[in-house]
Amino acid sequence: MGIKGIYRDYAEVIEDFLCQDDGTYCIGNPGKGIMKRIFTLDYSQTFPAPKPKRTYKGVQIDVTKRLSNNWQGLASYIYSKIDGNFDGLYAPFTNIGPDPEHLRGL
């Protein structure tokens, strides 16, 4: 039997955004530097960019049992919770998997 605690937290992230009203595309860290303020969709005003938060907490329980005649049993269960305002590499609004812009540096 085994038990494991899992904790993951983003310290900083890189995100793409429109940084000027002329359609200029920029990359930055939300809440810092050039991405400290972001435009509304109609470019009429700016507002402070929220700091990205994403925290994963989980508990994993594993059970392994050797049986006779070269058989064994394995069972694993993870109870987890994720909180925050940043979706990470997966873009849920497109339903096509990872956002290609986030995969450039990988």
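Around T55, under 12 Å between beta carbons, what's the net of Lys plus Arg minus Asp minus Glu among the other residues? Could the numbers behind the result be given before it?
Values: positive: R8, K53, R54, K57, K81; negative: D9, D83.
Result for the local shell: +3.
Please list I82, I38, I3 in order of solvent-accessible area, largest first, computed with a 1.4 Å probe with all protein chains present. Could the numbers behind the result be given before it?
Details: I82 90, I38 35, I3 130 Å².
So, going from the largest accessible area down, we get I3, I82, I38.
Peptides 43-55, 60-72 ranked from most to least packed give 43-55, 60-72, packing being the mean of other C-beta atoms within 10 angstrom over each peptide's residues.
The values are calculated or read from the model by the stated rules, or taken from the named source; none is laboratory data. Note that the structure is predicted; figures quoted are calculated from it, not measured. A quick note on method: Cβ atoms are made from the backbone with ideal geometry, for glycine too, and the neighbour counts reach across all protein chains shown. SASA here: full protein model, heavy atoms, side chains in, ligands and nucleic acids out. Shrake-Rupley method; radii C 1.70, N 1.55, O 1.52, S 1.80 Å.
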